[in-house]
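Have a look at the structure below, then the notes.
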Amino acid sequence: MQATNDKSFRRLGATGPRVFPLALGCMGMSGMYGQADEAESLRTIHTAIEAGVTLLDTGDFYGMGHNELLVGRALREMGSAAREKVMISVKFGALRGPDGSWLGFDGRPAAVKNSLAHSLTRLGVDYIDIYRPARLDGAVPIEETVGAVAEMVSAGYVRHVALSEVGVETARRAKTVTPICDVQLEYGLASRGIEGRILPGLREMGIGVTAYGVLSRGLLSGSVPQAKGDFRARLPRFTGENLAKNQALATALKELAAARNLTAVQMAIAWVLAKGEDIVPLIGSRTQAQINEALGALDVRLSKEEISKLEIAVPASEIAGTRYDSHQMAMLDSEK
């Protein structure tokens, strides 16, 4: 029996919208991996939408607002019809200084509404389809944070409430206040931590997953930090001996993919697609070539044997280094 990956839409949880099986993550278009080509970023967004992608993911702190302005411009350039068929997911709450430094997180109800007002303006839209706190604010009960978003749903400014990087108990508490369509979590061949407790718990509650880091920020595709400002240069998986060990695993993936006439990118995405219809991979393409390569994964069918072989060749337990540095790892409710 084969796991099927067709181009039929997937639903984000029991209460969320139906979306194309791949979503476009726009973070990398606003400086996180070094300077990006804005014209190429716009063309990439257009290419994704024209190919059928219906979900764009951004954050109000990506480039200190630059990313939202970019997404808004891309949609305007395509005309009003694009806004009607494309959904925008926005993460909010991270605080940054003018030098780009990270200052913490604010999940207070007043801050939620303030952040939303600015996002609506930067995006140039009347409502945001999916609105989610980027992290759990340890000083504010999650019920208060999502309660404020729920008020904005009632007011017509938001369509769906979602979460990011939280554990099962936090998601369960949030769900007592308002329906939660999905939780955004890092998930891929190199990052399988959610399989033990979080993924089964979310499925029990009817909450979907939008999976980022499918390629472990390019680690599995052979990409390494080169550009000035590429934040991966500070990530444990990309430094020192860890990088060399991880590159050996990336080579193993590449060889398995080549045997199927696929790229490592397509094989890694196909693996996530095969893990459940309630998971939507969030692909951080920055160029038209990258998004077209990723879309090729939708035509891949992986058998159970192939899935097993992939997991043996790239065992998550052998990935060297945590996905963030120790300070950021300590902030993740999903890691507690």
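The values are calculated or read from the model by the stated rules, or taken from the named source; none is laboratory data. This is a predicted model, so every value here is computed, not measured. Cβ placement follows ideal geometry from the backbone for every residue including glycine, while neighbour counts extend to all protein chains displayed. The accessibility values were calculated without ligands, DNA or RNA, using every heavy atom of the protein model including side chains. Shrake-Rupley method; radii C 1.70, N 1.55, O 1.52, S 1.80 Å.
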Mind listing whichever residues of the range 294-336 are more than 29 Å from residue 163 (Cα to Cα), in a loop (DSSP other than H, G, I, E, B) and of a type in the set (Val, Ile, Thr)? 300
When you look at residue 54, is it modelled with pLDDT of 95 or more, hydroxyl-bearing (Ser, Thr, Tyr) and touching a Cys at 6+ places or on another chain (Cβ under 6 Å), yes or no? no
Taking the range 274-312 and the residues there that are of a type in the set (A, V, I, L, M) and open to solvent by 30 Å² or more (accessible area, probe 1.4 Å), the one that is modelled with the highest pLDDT would be 289
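Any chance you could count how many residues in the range 48-61 are in a helix (DSSP H, G or I), within 18 Å of the chain's Cα centre (by Cα) and either free of Cβ contacts under 8 Å to residues at least 24 places away in the same chain or buried (at least 24 other Cβ atoms within 10 Å of the Cβ) (or both)? So that I can check it myself, show each step before the final result.
Filtering the range 48-61 for residues in a helix (DSSP H, G or I) gives 48-50.
Among the residues that remain, those that are also within 18 Å of the chain's Cα centre (by Cα) are: 48-49.
Imposing the further condition that a residue be either free of Cβ contacts under 8 Å to residues at least 24 places away in the same chain or buried (at least 24 other Cβ atoms within 10 Å of the Cβ) (or both) reduces the set to 48.
The total comes to 1.
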For the range 3-14, check the following and say yes or no: at least one residue is more than 22 Å from residue 131 (Cα to Cα), among the hydrophobic types (A, V, I, L, M, F, W, C) and assigned to a strand (DSSP E or B). yes
Report, ordered by the first and then the second residue, all pairs with beta carbons closer than 9 Å, sequence separation of six or more or different chains, a first member in the range 305-318 that is within 16 Å of residue 248 (Cβ to Cβ), and a second member that is among the acidic types (Asp, Glu). 313/255; 316/195
Considering only the range 15-34, I want to know if a residue exists there that is open to solvent by less than 20 Å² (accessible area, probe 1.4 Å) and farther than 28 Å from residue 180 by Cβ. yes
Need the failing condition index for residue 3 against (1) touching a strand residue (DSSP E or B) at 6+ places or on another chain (Cβ under 7 Å); (2) crowded, with 23+ Cβ neighbours inside 10 Å; (3) at pLDDT below 95, just the number. (2)
Could you check how many residues of the range 261-293 are closer than 25 Å to residue 230 by Cα, outside any helix (DSSP H, G or I) and of a type outside the set (Lys, Arg)? 7
Restrict the check to the range 179-193 and report whether at least one residue is part of a loop (DSSP other than H, G, I, E, B), at pLDDT 95 or above, in contact with an Asp or Glu (Cβ under 6 Å, 6 or more places away or on another chain) and within 27 Å of residue 217 (Cβ to Cβ). no
Checklist (1) within 30 Å of residue 254 (Cα to Cα); (2) within 15 Å of the chain's Cα centre (by Cα); (3) of a type in the set (D, E, K, R) applied to residue 230, failing item: (2)
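In the set 233, 211, 250, 258, which member is in a helix (DSSP H, G or I) and buried (at least 17 other Cβ atoms within 10 Å of the Cβ)?
The conditions single out 250.
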Consider only pairs whose beta carbons are under 6 Å apart and that are at least six residues apart or on different chains; among these, list those whose first residue lies in the range 113-139 and is within 16 Å of residue 83 (Cα to Cα) and whose second residue is of a type in the set (D, E, K, R) and modelled with pLDDT of 95 or more. 119/60; 119/68; 122/68; 123/68; 129/159
Would you list the helices (runs of 4 or more DSSP H) that sit entirely within the range 66-177 and hold 3 or more residues that are aliphatic (A, V, I, L, M) and open to solvent by less than 60 Å² (accessible area, probe 1.4 Å)? 66-78, 109-123, 142-154, 168-175
Only residues that are under 12 Å from residue 285 (Cβ atoms), assigned to a strand (DSSP E or B) and in contact with a helix residue (DSSP H, G or I) (Cβ under 6 Å, 6 or more places away or on another chain): list them for the range 18-47, please. 24
Filtering the range 86-126 down to residues that are modelled with pLDDT under 95 and among the hydroxyl-bearing types (Ser, Thr, Tyr) yields 101
Being of a type in the set (S, T, N, Q), in contact with a strand residue (DSSP E or B) (Cβ under 7 Å, 6 or more places away or on another chain) and more than 13 Å from residue 106 (Cα to Cα) is the filter here, so list the residues in the range 128-169 that pass it. 164
Those residues that are touching a Leu at 6+ places or on another chain (Cβ under 9 Å) and either without any contact (Cβ under 8 Å) to a residue 24 or more places away in the chain or open to solvent by 50 Å² or more (accessible area, probe 1.4 Å) (or both), I need them from the range 178-198; list them, please. 193
